[in-house]
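The values are calculated or read from the model by the stated rules, or taken from the named source; none is laboratory data. Keep in mind that what you see is a predicted model, and the values were worked out from it rather than measured. All Cβ positions, even for glycine, are placed from backbone atoms using ideal geometry, and neighbour counts span all protein chains on display. Calculation scope for accessible area: heavy atoms of the full protein, side chains included, ligands and nucleic acids excluded. Shrake-Rupley method; radii C 1.70, N 1.55, O 1.52, S 1.80 Å.
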Amino acid sequence: MPAMAAAYQRWAAAGAAFHYLSASPWQLYDALLDFTGAAGFPAGSMHLKLFRPKDSSFFSLFQDPREYKAPLLRMLLRGAPGRRFVLVGDSGEMDPEAYGDAYREFPDQVVAIYIRDVTDEGRDAPRYRTAFAGVPEARWQIFTDAAALPPTLPGG
């Protein structure tokens with residue numbers, strides 16, 4: 001985790017802004033804010049799942065992460081048409097699939113995709129080939145160690 005925070009801090013020092021998308025419920029906002037701050041991650045907007053136990057949003061807690069993240073990511077990209085985005089996620093949920101979709105819809109804005117491999121799949125895994133179909137090879141990277149991330153962002 002320290003290497004990831006260090007990479008984000010380097011990118012923040014170069015002018016990157018951060019938006020944290022999580023499938024965690026908003027009730028964890030304070031804990032997540034404390035965690036990211038203590039771990040040294042740069043400040044950024046936090047986008048969490050709406051969850052209230054007394055109405056239909058209760059079922060959102062069990063929603064497929066791709067169904068949650070993809071529309072939120074689309075909203076962020078549409079809301080900032082001139083901005084370029086680097087998407088960072090992990091293979092434990094549906095980040096590769098959601099990020100591949102985002103690239104195909106917004107190829108001029110999504111300049112890089114970095115996926116931390118937590119499922120022990122290599123870059124040539126069928127899952128990644130499907131998720132990143134149509135995404136140029138140079139635009140996506142699978143990593144296990146944050147030290148493998150570039151010190152500067154694309155175009156930075």
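Details
- Solvent-accessible area per residue for region 97-156 (1.4 angstrom probe, square angstrom): 50 Å²
- Apportionment of accessible area to carbon and sulfur, the chain, percent (1.4 Å): 58 percent
- Toward the positive end of the charge dipole of the chain, with +1 on the Cβ of Lys and Arg and -1 on the Cβ of Asp and Glu, the farthest Cα among Leu87, Leu32, Ser45 is that of Ser45.
- Shown here is the pair-distance distribution of region 85-156: with all Cα-Cα distances grouped in 5 Å bins from zero up to the longest one, the shares run 3, 17, 32, 26, 16, 5, 0 percent.
- Relative contact order %, the chain, counting alpha carbon pairs below 8 Å whose residues are six or more apart: 22 percent
- Those chymotrypsin sites (Phe, Trp or Tyr not before Pro) in region 95-139 that DSSP places in a loop and that have at most 10 other beta carbons within 10 Å: none
- Taking the Kirkwood radius as Rh and the Cα radius of gyration as Rg, the chain has a ratio of Rg/Rh equal to 0.95.
- For region 67-154, the list of trypsin sites (Lys or Arg not before Pro) that fall in a loop by DSSP and count at most 13 other C-beta atoms within 10 angstrom reads Arg83.
- Candidates Gln109, Gln27, Gln141: whichever shows maximal mean-square fluctuation once the chain is modelled as a Gaussian network with Cα springs under 10 Å: Gln27
- Relative contact order (%) - region 89-156, alpha-carbon pairs under 8 angstrom, separation at least six: 37 percent
- Stokes-Einstein D for region 67-106, Kirkwood Rh over Cα pairs, 10 °C, 1.306 mPa s (µm²/s): 152 µm²/s
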